[in-house]
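What follows is calculated from the coordinates using simple rules that are stated; it is not laboratory data. Fair warning: this is a prediction, and the values are worked out from it, not measured in the lab. All Cβ positions, glycine included, derive from the backbone under ideal geometry; neighbour counts span all protein chains shown.
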């Protein structure tokens, strides 16, 4: 009887040992899987950070281009306004000259 009890106890311990070893194997596989997921997430994060940096640079370039275009437009508008003023002055002097010519031709 004592021998059978001891034999049963040893079998139970061996069975528990096998269960624990299986559980450890499963946990090792889970750890490897989680480590792989972490690596993949880090890679994705790095890729996204690179993409954010690239898009930010493009945005900055576009902002600079828009600013330059705005400055060019303002310069063109200023030059256009100056030309309009010049044309108006020429028209005024032309009318004055025509009036003087008319007065002299009547004399």
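If you wrap the Cα atoms of the range 23-65 in a convex hull and average its projected area over all directions, you get 2.5 nm². Using only the Cα atoms of the range 50-104, build the gyration tensor, take square roots of its eigenvalues as a ≥ b ≥ c, and label the shape rounded, prolate or oblate: rounded if a/c is under 1.5, else prolate if a/b is larger than b/c, else oblate. Verdict is prolate for the range 50-104.
Against the chain, whose longest principal axis is taken from its Cα atoms, helix 2-106 shows a tilt of about 0°. Taking all Cα-Cα distances within the chain, those exceeding 24 Å account for 73%. Taken along the Cα-to-beta-carbon direction at a fixed 7 Å, the label points for residue 18 and residue 4 span 2.2 nm.
Please give the calculated 222 nm ellipticity per residue for the chain, where each DSSP H segment of at least 4 residues contributes -39500 (n - 2.57) and the sum is spread over every residue; nearest 500 deg cm²/dmol?
Working: 1 runs with 105 residues, N = 107.
Here the helix-only value at 222 nm equals -38000 deg cm²/dmol.
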